[in-house]
Every structure is written in C-alpha cells, then in structure tokens.
1. Quick one: what pairs do we get from the stretch 161-186, first residue under 16 Å from V4 (Cα atoms) and surrounded by fewer than 13 Cβ atoms within 10 Å (Cβ to Cβ), second at pLDDT 75 or above and not aromatic (F, W, Y), C-beta under 9 Å, 6+ apart or different chains?
2. Assuming P100 fulfils every condition listed in (1) without any contact (Cβ under 8 Å) to a residue 24 or more places away in the chain; (2) outside any loop (DSSP other than H, G, I, E, B); (3) exposed (fewer than 15 other Cβ atoms within 10 Å of the Cβ) apart from one, which condition is it?
3. Answer with yes or no whether E123 is within 20 Å of K48 (Cα to Cα), modelled with pLDDT of 85 or more and touching a Ser or Thr at 6+ places or on another chain (Cβ under 9 Å).
4. Looking at P75, is it in a loop (DSSP other than H, G, I, E, B), within 16 Å of M132 (Cβ to Cβ) and at pLDDT below 90?
5. Search the stretch 9-41 for residues being at pLDDT 75 or above, part of a helix (DSSP H, G or I) and more than 25 Å from the chain's Cα centre (by Cα), and hand back the single one that is surrounded by the fewest Cβ atoms within 10 Å (Cβ to Cβ).
6. Counting only residues that are in contact (Cβ under 8 Å) with a residue 12 or more places away in the chain and either closer than 22 Å to F135 by Cβ or not in a loop (DSSP other than H, G, I, E, B) (or both), how many does the stretch 42-71 have?
7. So which residues in the stretch 103-137 are touching a residue at least 40 places away in the same chain (Cβ under 8 Å), surrounded by 14 or more Cβ atoms within 10 Å (Cβ to Cβ), under 18 Å from the mean Cα position of the chain (by Cα) and assigned to a strand (DSSP E or B), if there are any at all?
Amino acid sequence: MAVVGAILLLIGAGWFVQTQGILHRYQRNLLEEPVLFGEKFEVRRDFKVDLATTYLIGLKLEKALPFSLENPTPPDGFLAEFRINSGDRIVVEGHNNSDPRRPAIMTAESTTRLLGTFFAQPERVYTLTFRMKDFAQDLAGIKGQILIRTDFVDNKSAFVNAMVNRFLAVAVAVLGLLFALLSFTGFGAAKN
C-alpha cells in the first residue's frame, strides 16, 4: 500500500507541475516593450512563441482615460501602426483604428488598447514593427508598454481544462499521501 501511495503522490506532483506550466503560459505577456510618449518612435523586436495559438497585440498606457456609458472606449489620442512578419510573410498589420470596435482593457491606473490579433506557431521567428506616428500633447511623458500576449478568450477551453487538471492532480497527490500514511500507521494491514 505504501508503494501505491508513493506512486500516486509522484504522479499527482508531476501532473500538478505540468499543469502549472500550462497555466503560466496562458496568463503571461509574451512581450512587454516599454515606451515613453514624448516623441514619435519606432520599435522593432524579434520574438518566438511557445504555443500554437492566437495572440493579441496591444498598447498599454499608464494612464486611465476617461470614459462614459455613451462612449465606453474614449478616443486614443494617438496614431500607431504595427506589423508582424515571419520571414518575408506579413502575419498581421494595422493601426489603432483597424478594429472598429476599438476594444480596450481599462483599470483605475491604466488603459490598454487591443490593436489586433494574429495566429503564431512555435519554432518560427516573428518580427514586430511598431510605429508611433502621432499623439496628443496630453499624453506627453506618459509611460506605456507594447504588449503581445495569449488571447484568453480564444484559449478559454484550454484554460478551463488546465484548471480541471490542476484540481485532479492535487486530488491524486492527496490520495497518494493518504495511502502512504495509512500504510505507515498500520491501518489496513493484514491482521494475524
């Protein structure tokens, strides 16, 4: 019984570590390039991905922009262009007004404008080119970040699956621990 408990404990622990790695990949920013509004700029950066999935490109401003129910996404106050290539192939290109919905993530401290989505695969090198063409003077001196991250909405089923797997991994490890403890206390041992 102790051997079964030890095996279950090892399987549960290994399963938990693997699931944590999956959850970490789905919740992190792949690229965070700091920028400062103050003049026009261009950023060019190579990157790789570790999951074949949909990614978001966004621009995070360390400033909460005012919004209302009538205008839930305030005007950007900037004109930015982006392009992502893989070799000679253009994967996606656009600007901050490419998506008429103008999606944004707004918090009390920041505003992140989601500029576009693209599908990427591991083992390929991608190149991000990001140009700030113009910006409103009230944004001068504001810090920001160019972000590339996994698209949580696109990966929702994988995220839920990883959460279920994490729960099951903990359950298997606890079951293994119980088996091991019971065998060491003599409970369940054959009586003479």
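The values are calculated or read from the model by the stated rules, or taken from the named source; none is laboratory data. Just so you know, these numbers come straight off a predicted model, no measurement behind them. Note that each Cβ is placed from the backbone with ideal geometry, even for glycine, and that neighbours are counted across all protein chains shown.
1. F184/A2
2. For P100, the failing item is (2).
3. No: the conditions fail for E123.
4. Details: in a loop (DSSP other than H, G, I, E, B): yes; within 16 Å of M132 (Cβ to Cβ): yes; at pLDDT below 90: yes.
Yes, satisfied.
5. Taking the candidates together, the pick is L10.
6. 20
7. The answer is M106, T111, T112, R113, L114, L115, G116, T117, F118, A120, Y126, L128.
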